Amino acid sequence: RWLVAGRASRRLVLVVVFVALLLDNMLLTVVVPIVPTFLYTTEYEGANSSVAPAQTEPAPPALRAPPFSSMFSYFDNTTVTVSGSTSTAELANRMESSRLPQPPTSSPPLPSGCPEGEEFLAKENVRVGLLFASKALVQLVVNPSVGLLTNRIGYHIPMFIGFVIMFLSTVMFAFSGTYTLLFIARALQGIGSSFSSVAGLGMLASVYTDDFERGNAMGIALGGLALGVLIGAPFGSVMYEFVGKSSPFLVLAFLALLDGALQLCILQPSKISPESTKGTPLSTLLRDPYILVAAGALCFSNMGVAMLEPTLPIWMMQTMCSPKWQLGMAFLPASVSYLIGTNLFGILANKMGRWLCSLIGMAVVGISLLCVPLAKNIYGLIGPNGGLGFAIGMVDSSMMPIMGYLVDLRHTSVYGNVYAIADVAFCMGFAIGPSTGGAIVRAIGFPWLMIIIGVINIAYAPLCWYLRNPPTKEEKTVSL
């Protein structure tokens, strides 16, 4: 009886989507502070420490042998008494003096604690950016197929497939020790995330048919996304520093199993429930200028934080000499303010106008990004990152309900394809951002990267005005 009541409850569906988005985004951000320092430790420091012993290998046995007081000569079968400690010391001194002119293999650690290997860190910007972007690139490719699949078989089975793939990706992250394996795990996460996001948001839009209720539900669901972003980076950095690389991923794998059990009970993933009406084709939705404006706002506002993820930790290592735990904590203000922004504007955006809310949000995103390079330490990042998270929360909580509203207003009320487009917009931000961000930092520096993406957001903001009063399908037909 409890299960039957639960399956009919809209709130439990909201809980399932909330938890799925929470875990997806925890895994998305938990790697942000771990991967740059893990690759630096295993590849740069590991390579240098393996070179150093190889150069000291040919030392004569006298240096490794304990001091001796007599020496037996096999040439004339006599024993000669020597001062072992003195001869050993002299021999060591001679060896040291002969080695002095040779340059050291790596410079000694700086007193300030800054990492060595400027050239390695510059290259790592690009590699880490590509690794982070791989998830979004794969998700970008898979999303349209998932949108079509949900129209044919419903949202329940794709949602459960997403859980299975996410669990496998999390376990792979825990036990991957090379860049290639981490890259594959990240790409696999993109497939699972595509199933979870498209099916979850489409399910919410179909369950909450009233526009005001849908806005509130989307705000709560995006709160799960925000909470995942909030917990992920600090949780990852602290666990990596004090427990080890595998520990945060094993905790996430356990939470994913609980989410899978919840889905089995509530969603009945064996049940096929196709939409009763045929949805608007993806190509038609992509030709709608109002949907494209909304998708662009989602893309560019999230591209800013996507560019920060691979580049900010490395910039902090170079300029602030930050320890490992600070690399994740730097994202804490953005995550807290995003959580506040999505929950607050899920309700307020409907009253003040979602178009105005997103316009102001994009302008604040741009200003916050321009202020990030001005920080001299981790405390200087609190204001810009806090403003960035709050503003992205304003844009996301406004644009997600607008996507569903535009489909109701101008097309057929089937939501799989439109939320596939919304997810593609997210993915384009998180694909273009890290992959180009690392290359731009290497070419012209981190401050110029922030200026470029900040100006793009400020310039795009006025386009949100077009979403103020979009025409209905009938109005469009009459005007044509």
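The values are calculated or read from the model by the stated rules, or taken from the named source; none is laboratory data. The model shown is predicted, which means the values in this text are computed figures rather than measured ones. Ligands, DNA and RNA are excluded from the accessible area calculation, which covers all protein heavy atoms including side chains. Shrake-Rupley method; radii C 1.70, N 1.55, O 1.52, S 1.80 Å.
On the range 313-383, 73 percent of the accessible area sits on carbon and sulfur atoms, based on a 1.4 Å probe. Accessible surface for residue 408 stands near 60 Å², nearest 10, in the context of the full protein assembly shown (1.4 Å probe). Oblate is the label for the range 132-242, because the ratio a/c of its alpha-carbon gyration tensor axes (a ≥ b ≥ c) is 1.5 or higher and a/b is not greater than b/c.
Residue 369 sits with roughly 0 Å² accessible to a 1.4 Å probe, with DNA, RNA and ligands left out of the calculation.
With the whole protein complex present, residue 405 retains an accessible surface near 90 Å², based on a 1.4 Å probe. Each part gets one Cα centre, and for the range 145-207 versus the range 294-345 those centres are 23 Å apart.
Summed over the residues of the range 323-450 and divided among them, the accessible surface reaches 32 Å² per residue at a probe radius of 1.4 Å.
Accessible area, 1.4 Å probe, largest first: how do 472, 209, 37 sort?
Working: 472 35, 209 100, 37 10 Å².
The ranking, largest first, comes out as 209, 472, 37.
Taking all protein chains together, 27, 286 sort by accessible area into 286, 27, largest first [probe 1.4 Å].
Taking a ≥ b ≥ c as the square roots of the eigenvalues of the alpha carbon gyration tensor, the range 312-405 is prolate, as a/c is not under 1.5 and a/b beats b/c. Taking a ≥ b ≥ c as the square roots of the Cα gyration tensor eigenvalues, with a/c under 1.5 meaning rounded and otherwise prolate when a/b beats b/c, else oblate, which class fits the range 193-257? Note, shape of the range 193-257 comes out prolate.
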